[in-house]
Amino acid sequence: MNPILFIIILSIFLVSDSNFSKSINSLSHTQQWYKLLHFKNAKSEIDDPKFFFSKDGKTNPEAELTALIAKLISDKSDDENSTQCYYPSRSAWILEQLPQLKKEIKEPKCEALKGELKSLEAKYVTLILASAHINSPASAFGHTFLRIDNNPNTPLLSYAVNYAAQTTEDNGFIYAYQGLFGGYQGRYSIAPYYKKLKEYSDLEQRDIWEYTLDLSKEEIDRMVRHIFEIRHFYADYFFLSENCSYNLLWLLEVAKDDVHLIEKFNHKTIPIDTLRVIIKEDLVKKTTYRPSKRKKILNIAKPIKNNPTALKFARSSDCNVSQIETLSKEDKIASLELATALLRIKLSKHEISKKEYLPKFLKILKIRSKLGSASKKDIKKPYEPTKGHYSAKASFTYASNHAFNAQVKIAYHDIYDNDKGYIPGAYINFFDTALQYKDDKLTLDEINVLDIRSYAIQDAIFKPISWQVAVGGKRIFKHELNAYLQAGAGFTLGSKELYSYATLTPTIYYRNKEEHSISANIGVLYNPSKHVKVGALASNEWFDKNREILKLKPFITYSFDQASAINLRYEHKELDMHKEEDFMLSWFWYF
């Protein structure tokens, strides 16, 4: 400790009431101080040097506290950059712990900060989960952020608090690489909630789940002060660990002294897992579901989904209402409302200009207003994401050929898992590794560094392309392990309970030399309940020299709860003229 600083602080303690005289050492090792520094595993997780008052502040909480007190005493400025205005969270905390310091420091006006706090007028805090969006690398596992409310009845006037990597990169592979190894700066930000809601629900077509948190006014104020301080600084962003959801936990820990959430996450942080922990700690008092724009549009289109005339009008850009003159009143209403919804999407995607949009929009609204009200069916609330299976998985399999397989993956959801709580047809395997024990030998059977399959279901309105990409290592001819890179596309039809897909996937293999193949893949999947999922998968892969691999895999999975399931499948494989058949029984353990 700096001797001069120590003398200044000691003199204050000597003249203070003994009830308030607390040693620097004792205060600097309290959980509250650690939380304010984002201190874990003997260092702060904040990487911006401007955050610290001491040059050793990142690893020495006592030196950081000493330097803060010295700065508070010496700072005589009265602008927005003064210590108490720029660092309101830590400043307020130390003044609560050592109120005698107030006599020794100058209190700045902090007009800008007070103005922001007044406009925010925080009374409620809601945790928002934007459902997973497999076509967005940043949100493949979903995304969480906070909403600060003044009035729960007017959420669109609230503010969103977000933590995200600062990047404009839209290349999924580059984003994944940089994100995995801390290549981006992560920052907190505050923005109007309606903008964030539009970004996730309208543009990305994602469901929104709102979890109102059980926080007192004092706890909310403490959180808000910390947000206004920490927004100035960055931390290295890690896609799997120190990500959006993980860093929101720090805000909750600062708000509530008696919760310990961060310690439950070390190497992997999936948004839905953080939400489960928050619910387990009894921090949620209300849950609200807001369907995506896509679901709202499909709900509007239900009455006319089999009416080509109505759908043609709704999709057209000329707004020729004579096309729907012969339709019933209900079908006319559905056609007009669907047309306005699709028109908004065209505007948001810049497919039409605002100048073109406005007269068409007003024309449709005018006609619609003359038809009066119509009955509408509510959108069915889906299975809550927190009730789906846990995100990591270990599989133990015994096959009829007397082989035993043990398989582990970090995340997240594969084709054999029950879809309830997840997006049907959206599958992500991350660092999926399988070992096989057979004939007294232990071998690496396969490794999937990344395997993403997006079997996006097409419907009357939306026609998304299904796609898949994978990289890793697997055994093919002669059971030799080959590195591979695979990518392909196709289409998916059906409903969220029953759907089928068809894709074509070229693959590059490499062992001692490069090999190429192309495979046709088809599958049918049926997921009627939270317990049962059945399916049949087939593929035929063609190589050069007239070699091919045919696979057929019917299966059934029965889930007992979020943590366990059993899977029974039959695998038929033909490699050239050689056939292999196996029955396999697996136990899935989710954690």
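What do you get for the angle between helix 61-74 and the principal long axis of the chain? Use alpha-carbon atoms, 0 to 90 degrees, nearest ten.
So the helix axis and the longest Cα principal axis differ by about 50 degrees.
In the structure shown, do any of LYS478/LYS573; LYS35/LYS217; LYS196/LYS256 have a Cα-Cα gap over 24 Å, and if so which?
LYS196/LYS256
Which cysteines in the chain lack any other cysteine whose Cβ sits under 4.7 Å from their own Cβ?
By the Cβ distance rule, which asks for a partner under 4.7 Å, the isolated cysteines are CYS244, CYS319.
What are the trypsin sites (Lys or Arg not before Pro) within segment 516-569 that DSSP puts in a loop, where the Cβ has at most 15 other Cβ atoms within 10 Å?
Taking segment 516-569 and a limit of 15 other Cβ atoms within 10 Å, the loop trypsin sites (Lys or Arg not before Pro) found are LYS545, ARG547.
Quick one: helix 111-120 against the long Cα principal axis of the chain, what's the angle to the nearest 10°, folded into 0 to 90?
The helix 111-120 is inclined about 40 degrees to the chain.
Check each of the trypsin sites (Lys or Arg not before Pro) in segment 336-389 and keep only those in coil by DSSP with at most 13 other C-beta atoms within 10 angstrom; list them in order.
Those that pass, being in a loop and sparsely packed, are LYS349, LYS370, LYS376, LYS377, LYS380.
Just from its helices, what would the mean residue ellipticity at 222 nm be for the chain, if runs of 4 or more DSSP H residues each count -39500 (n - 2.57) and the sum is divided by every residue, rounded to the nearest 500 deg cm²/dmol?
The helix contribution divided over the chain gives -8000 deg cm²/dmol.
Identify which of the listed values of Rg and Dmax of the Cα atoms in Å was calculated from the structure shown: (1) 25.7, 82; (2) 28.7, 92; (3) 26.9, 89.
The calculated read-out lines up with (2).
Can you give me the solvent accessible area of SER23 with a 1.4 Å probe, rounded to the nearest 10 Å²?
60 Å²
Loop only by DSSP, 15 or fewer other Cβ within 10 Å of the Cβ. Give me the trypsin sites (Lys or Arg not before Pro) in segment 206-240 that pass, ordered by residue number.
ARG231
What does the charge count near ALA487 come to, summing +1 for each Lys or Arg and -1 for each Asp or Glu among other residues with Cβ under 13 Å from its Cβ?
Its environment carries a net charge of 0.
In whole angstrom, note down how far apart the Cα centers of segment 387-427 and segment 286-364 are.
Answer, in whole Å: 40.
When the solvent-accessible surface of protein heavy atoms is calculated with a 1.4 angstrom probe, in what order do PHE583, PHE404 fall, highest first?
PHE583, PHE404
Hey, what angle do you get for helix 88-97 against the long axis of the chain, alpha-carbon based, 0 to 90 degrees rounded to 10?
Here the helix axis deviates by roughly 50 degrees.
Ranked by accessible surface with a 1.4 Å probe, highest first, in what order do TYR246, TYR124 come?
From most accessible down to least: TYR124, TYR246.
Taking the Cβ of THR433 as the centre, find all other residues whose Cβ is under 10 Å away and add up their charges (Lys, Arg: +1; Asp, Glu: -1).
Net of charged neighbours comes to -2.
The values are calculated or read from the model by the stated rules, or taken from the named source; none is laboratory data. The model shown is predicted, which means the values in this text are computed figures rather than measured ones. In this analysis, Cβ positions are derived from the backbone assuming ideal geometry, glycine residues included, and neighbour counts consider all displayed protein chains. Note: areas computed on protein heavy atoms with side chains; ligands, DNA, RNA excluded. Shrake-Rupley method; radii C 1.70, N 1.55, O 1.52, S 1.80 Å.
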